[in-house]
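Accompanying notes for the structure given below.
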Amino acid sequence: MTEQNTITVENATCTFCGCVCDDMILTVDLDEKRITKAKNACILGRAWFAEHTIEDAPAALIGGKDASVDEAVEEAARILAKARFPITYGLSDTTCEAQRVAVAITDMIHGTIDTTTSVCHGPSGLAFQGVGESTMSLGEVKNRADLVIYWGGNPAESPPRHFGRYAVTAKGLFTPGGKKDRTIVLVDVRKTPSAAAANIFLQPKPGKDFELLWALRALVKGRRLNPAVAESTGVSLEAMQDLAERMKNCRYGVLFFGMGLTMTRGRHFNSGALLALTTDLNEYTHFVAKPVRGHGNVTGADNVVSWQTGYPFGVNFSRGFPRFNPGEFTTVDTLSRGDADAALIIASDPASNFPKRAIEHLHRIPVIALDTKTSATAKLARVAFRTATYGINTGGTVYRMDDVPISLRKAFDSPFPSDEEILKAIHKRVRELLLAGGSYGVATGNKVAAPRTE
Ligand code: SF4
């Protein structure tokens, strides 16, 4: 629908968080190049759309000075082609198409690629490999789930539409009464605003998630528990027994887990215990588990890096083939040890949230940053590209937190190139430099003389 200089874009997608709501109705002022209304968006989504206006800024900077995109691509390619231990990081707020090119560049320069998963649900990624995953789509949850357990998260505040669109008040085929047809359980060390939506709230002691999950596994299997478990976990035996019976006797149960589980003491053991409990419950009923993801396409990053390398994050190509070793090849660790000699940071701002030692090392090495705004990382970067915003200025593909791919629909054009366009240009130029040899791609250390094919 067109009316003067205003258009309406229906079925647009909000890429602010992992819910990736694709029912947005956007009103776009084409003169001012901004979204004036985002119908169906939550408060976070509305802020996301309102903030993404086109700023009057250079498309690229080299050493803080204005540069053309071509000059910046040349400088970035030279840095990456010369580096002996380059790292690529970020990727959770860009399209799968851009992520794919980032993997190809990293493979070609024998670098290390890592995503923001390593600082959020990385432990879950390890647990999935060790224990396995009983999974589902959020549509299934909406239509079928009659027992919904949130563990270590606060979806009432983030992601706000998880309750209404999928898991609590959503009315589905076999849950026509919405919340009336479900039992909602919240397990968290503090009473967050999400507790108001829960029928049952369990508050274990901090750091006791693993013990509580293991106790529930025992109860589900019919074992008797030592009463001391209640004292240890902070949850009464009666409450544990009640939850175990509800889990065994529901029609379709789901365990959603957040960083309150994965990033506290126990980490991947906690995630693994929750996944093992889910597996146990499938002896009795249909039970599934899913992490609640934060960034708009962090799930896409996991998928793309996995399908290209075999591993979800923290992957190193120094030997010419992918190796996975969290703690060694995850970016916080690589930077904190001072290993990396160049960094390609895409749609992420580690300079604002990494530990001090890691940030100090970023200041010492040439950084190439791709971002829609002037982030702390862009400010310290040797080469900084300003890019178009995915889902607002570009199409492409993202993965919702349940691994469902969703196509984006752009609202208006940006004068800035997309991440994918810049990365493709860098990829092409790095390849030319490596093939030309000279001081690039010389066999020094782990680096080889010429790139392999993409
Ligand atoms: S829940 Fe997330 S994806 Fe949906 S509108 Fe809100 S911020 Fe956007």
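All of the numbers you see were taken from the coordinates with simple rules; none came from a lab. Fair warning: this is a prediction, and the values are worked out from it, not measured in the lab. In this analysis, Cβ positions are derived from the backbone assuming ideal geometry, glycine residues included, and neighbour counts consider all displayed protein chains.
Data for the structure
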| read-out | value |
| --- | --- |
| Proximal charge balance of Q241 [Cβ under 12 Å; K/R count +1, D/E count -1] | +1 |
| Separation of alpha-carbon centers, region 5-71 and region 98-159, rounded to whole Å | 25 |
| Nearest-ten-degree value, helix 268-281 long axis tilted from longest Cα axis of the chain | 50 |
| Above-threshold pairs, the threshold being 28 Å between Cα atoms, out of K37/K191; K39/K171; K39/K248; K180/K248 | K37/K191; K39/K248 |
| The chain - mean residue ellipticity at 222 nm from DSSP helices (-39,500 (n - 2.57) per run, n ≥ 4, rounded to 500) | -10000 deg cm²/dmol |
| Top positive-direction residue, dipole computed over the chain with Cβ charges, set T264, T334, V168 | T264 |
| Eligible aspartates and glutamates near K424 by straight Cα distance, threshold 13 Å, same-chain separation 8 or greater | D70, E74, E97, E432, E454 |
| 0 to 90° range, to nearest 10: angle between helix 69-82 axis and the chain longest Cα axis | 80 |
| Computed lengthening from H286 to E10, 0.36 nm per intervening residue step minus Cα-Cα distance | 95.8 nm |
| DSSP beta bridge pairing in the chain, given as percent antiparallel to the nearest 5 | 40 |
| Computed log₁₀ I(q)/I(0) - Debye formula, equal Cα scatterers, no solvent, region 6-50, q 0.13, 0.34 Å⁻¹ | -0.23, -1.27 |
| Sequence-distant lysines (8 or more away, or on other chains) whose Cα lies within less than 20 Å of K373 | K33, K65, K410 |
| Rounded tilt (10° steps) of 419-436 against the dominant C-alpha axis of the chain | 50 |
| Dipole magnitude (debye, nearest 20) for the chain, charges at Cβ of Lys, Arg, Asp, Glu | 1100 |
| Paramagnetic label zone (point 7 Å from Cα along Cα-to-C-beta, V404; backbone N under 19 Å) in region 252-277 | 252-257 |
| Percent RCO, i.e. relative contact order, over the chain, from Cα pairs under 8 Å lying at least 6 residues apart | 24 |
| Per-residue Cβ neighbour rank within 10 angstrom, fewest leading, S348, S306, S118, S336 | S306, S336, S118, S348 |
| Extended-chain gain in nm, criterion 0.36 nm per residue less alpha-carbon gap, F321 and E245 | 22.6 nm |
| Where the Cα pairs of the chain fall when distances are cut into 20 Å bins, in % | 24, 51, 23, 1 |
| Over 27 Å [Cα-Cα, region 122-291], rounded percent | 17 |
| Convex hull projection area averaged over all views, region 223-352, Cα basis, nm² | 11.6 |
| Computed over region 23-160, Cα set: Rg, Dmax in Å | 20.7, 58 |
| Computed over region 379-420, Kirkwood Rh from alpha-carbon pairs, angstrom | 11.7 |
| Calculated Rg and Dmax of region 193-279 using C-alpha coordinates, Å | 12.5, 34 |
| Added length on full extension, which subtracts the Cα-Cα distance from 0.36 nm per residue, T135 to A47 | 28.5 nm |
| Length-normalised contact order for region 321-377 - Cα pairs under 8 Å, 6+ apart - percent | 39 |
